[in-house]
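Here the structure is laid out as structure tokens; the discussion comes afterwards.
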Amino acid sequence: MPRRLALLPLLLLLAPRPSHADLTDNFKPGTYISVGPLVSVSMLGDEPVAGLGLEATLNHYSESGGTPSAVGLFTQLQTMGGKSARFSGGVQANLYIVGLELGVMHITGTPKYLPTTGLHVAPYVSVGFCSMALRFGIPLSNEESNREGLVRHPTEVGLVLTAKWPFRQGY
């Protein structure tokens, strides 16, 4: 099953997307809620971990000088290899197709790792309904280990793909 899950990012990249003309011709400034699946492959220490979950965003889009931009909020919920859960949320901003998420993340504990809270940083590229991000989860905890010998989760570096459907709020 993990091999099949690892193929999901490739399928998202191959999914049909609107052309550049469609994106600019159909763009309407306003506030949007977007929801959809999230697939990731992360390196947590020396082991790759596949993640599957959901991302939701609330963004206000505007146009300045013919270039669409947005500011808003994001949240992500996902299972990481079936062993832990990862939660994150924060602010995001983008200019045309390039953006950045900044927030807080938390990964639940496993038999090997302590629960870990940290900084979530993810530059991304978004085209139509799909986005691809390079995600960094940087632990903020000073606790290196506990009495049972468990250590905190290491720094995470991962590739994240999403396909979200936007719902315009108000008219």
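Can you find even one residue in the range 141-157 that is within 15 Å of the chain's Cα centre (by Cα) and farther than 16 Å from Val49 by Cα?
Scanning the range 141-157, I find no residue that is within 15 Å of the chain's Cα centre (by Cα) and farther than 16 Å from Val49 by Cα, so the answer is no.
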Practice task
Kindly provide the set of residues from the range 82-96 that are surrounded by 14 or more Cβ atoms within 10 Å (Cβ to Cβ) and closer than 20 Å to Val35 by Cβ, ordered by number.
Solution key: Ala85, Arg86, Phe87, Ser88, Gly89, Gly90, Gln92, Ala93, Asn94
Fill in the blank from the handout: Among Gly65, Gly89, Gly118, the single one that is farther than 14 Å from Ser40 by Cα, without any contact (Cβ under 8 Å) to a residue 60 or more places away in the chain, small (Gly, Ala, Ser) and in contact with a Pro (Cβ under 8 Å, 6 or more places away or on another chain) is Gly118
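From the list Pro16, Pro29, Pro2, which residue is modelled with pLDDT of 80 or more and either acidic (Asp, Glu) or open to solvent by 60 Å² or more (accessible area, probe 1.4 Å) (or both)? Even if it seems obvious, please write down each step before you answer.
Details: Pro16 fails: modelled with pLDDT of 80 or more; Pro2 fails: modelled with pLDDT of 80 or more.
From the options Pro16, Pro29, Pro2, the qualifying one is Pro29.
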Completion exercise
Over the range 48-67, the set of residues within 17 Å of Pro123 (Cβ to Cβ) and open to solvent by 80 Å² or more (accessible area, probe 1.4 Å) is none
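Any chance you could count how many residues in the range 68-81 are in contact with a Pro (Cβ under 9 Å, 6 or more places away or on another chain) and either assigned to a strand (DSSP E or B) or open to solvent by 70 Å² or more (accessible area, probe 1.4 Å) (or both)? Walk me through it before giving the result.
Pass one, the range 68-81, residues in contact with a Pro (Cβ under 9 Å, 6 or more places away or on another chain): 68, 81.
If we keep only those that are either assigned to a strand (DSSP E or B) or open to solvent by 70 Å² or more (accessible area, probe 1.4 Å) (or both) as well, we get 68.
Number of matching residues: 1.
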Exercise for the section: Scan the range 80-116 residue by residue and report those that are polar (S, T, N, Q) and farther than 26 Å from Val127 by Cβ. Expected result: Ser84, Thr108, Thr110, Thr116
Practice task
Just name the residue that is modelled with the highest pLDDT out of those in the range 117-153 that are part of a loop (DSSP other than H, G, I, E, B) and open to solvent by less than 60 Å² (accessible area, probe 1.4 Å).
Solution key: His153
Handout entry: Selection count, the range 38-62, where residues are in contact (Cβ under 8 Å) with a residue 60 or more places away in the chain and out of contact with any strand residue (DSSP E or B) (no Cβ under 7 Å at 6 or more places or on another chain)
Key = 1
Problem - Flag for Val104 being within 30 Å of Lys28 (Cβ to Cβ), at pLDDT 90 or above and open to solvent by 60 Å² or more (accessible area, probe 1.4 Å) - result: no
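The values are calculated or read from the model by the stated rules, or taken from the named source; none is laboratory data. All of these numbers come straight from a predicted model, not from anything done at the bench. When we count neighbours, we look across all protein chains shown, and the Cβ atoms used for this are built from the backbone with ideal geometry, even at glycine. Note: areas computed on protein heavy atoms with side chains; ligands, DNA, RNA excluded. Shrake-Rupley method; radii C 1.70, N 1.55, O 1.52, S 1.80 Å.
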